[in-house]
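Colleague: A single structure is presented below for examination.
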Amino acid sequence: MMHARLLVLFLVLNLLSCKNNDVEVLHNQIMDIHDEVMPKTGEIAYLYLAFRKKVETDSTISSYQKLELLKQADDLEKAEDEMMVWMNDYIPPHKMKSSKNENEIIDYLQDQKKIISNIKVHTNASLASGKKWKEMLSINN
């Protein structure tokens with residue numbers, strides 16, 4: 001009988017440990033994505049300002065090119081804003097422990113991982129497109 005109780009206790013503790021590990025793993029995955037994307041905000045800001053300046057000061061580019069550069073600048077700004085809003089809204093798991101159970105925290109983190117992954121995709125696509133336009137129009141500053 002004592003062995004059965006110890007076995008049940010061991011299994012319960014093991015399950016709790018796994019959930020805590022899941023929380024830590026998810027949080028670390030989220031932070032890895034954040035750490036990969038966040039340094040790109042400097043390049044986003046640079047391209048945004050360069051495109052705006054080009055539109056305002058270069059009379060040799062076509063109306064189509066001006067519209068495209070403005071679209072590119074807006075998309076870059078949106079990608080940067082998404083990251084800033086996400087960073088402001090993200091709640092680290094340790095701050096939720098008193099108000100949420102492990103399953104709620106895991107659900108939250110899974111949602112946050114999807115959100116930051118989408119931000120990564122948008123940021124990378126915006127930068128790739130922006131770099132093409134920078135090269136096409138020989139934008140240096």
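The values are calculated or read from the model by the stated rules, or taken from the named source; none is laboratory data. Because the structure is a prediction, the values reported are computed rather than measured. Note: ideal-geometry Cβ built from the backbone for every residue, glycine included; neighbour counts use all protein chains shown.
Colleague: Would you check which residues across the range 87-136 are touching a Phe, Trp or Tyr at 6+ places or on another chain (Cβ under 9 Å) and in contact (Cβ under 8 Å) with a residue 40 or more places away in the chain and list them?
Modeller: Across the range 87-136, the qualifying residues are 93, 112, 116, 119, 130, 133, 134.
Colleague: All but one of (1) at pLDDT below 95; (2) under 19 Å from the mean Cα position of the chain (by Cα) hold for residue 97, so report the exception by its number.
Modeller: Evaluating residue 97 over (1) at pLDDT below 95; (2) under 19 Å from the mean Cα position of the chain (by Cα) leaves (2) as the failure.
Colleague: Is it the case, given these coordinates, that residue 55 is at pLDDT below 95, in contact with a Leu (Cβ under 7 Å, 6 or more places away or on another chain) and among the aliphatic types (A, V, I, L, M)?
Modeller: When the stated conditions are applied, residue 55 does not pass them.
Colleague: Let me ask something else about it. Exactly one condition in (1) more than 15 Å from the chain's Cα centre (by Cα); (2) surrounded by fewer than 17 Cβ atoms within 10 Å (Cβ to Cβ); (3) part of a helix (DSSP H, G or I) is not met by residue 88; state its number.
Modeller: With respect to (1) more than 15 Å from the chain's Cα centre (by Cα); (2) surrounded by fewer than 17 Cβ atoms within 10 Å (Cβ to Cβ); (3) part of a helix (DSSP H, G or I), residue 88 is out only on (1).
Colleague: Can you find, within the range 59-85, the residue that is surrounded by the fewest Cβ atoms within 10 Å (Cβ to Cβ) among those that are in contact (Cβ under 8 Å) with a residue 60 or more places away in the chain and assigned to a helix (DSSP H, G or I)?
Modeller: Step one: of the range 59-85, the residues in contact (Cβ under 8 Å) with a residue 60 or more places away in the chain are 61, 65, 68-69, 72.
So of that shortlist, the ones also assigned to a helix (DSSP H, G or I) come out as 65, 68-69, 72.
Values: 65: 16, 68: 18, 69: 24, 72: 22.
Per the stated criteria, the residue is 65.
Colleague: Looking at the structure I just gave you, is residue 56 free of Cβ contacts under 8 Å to residues at least 12 places away in the same chain, of a type in the set (Asp, Glu) and assigned to a helix (DSSP H, G or I)?
Modeller: yes
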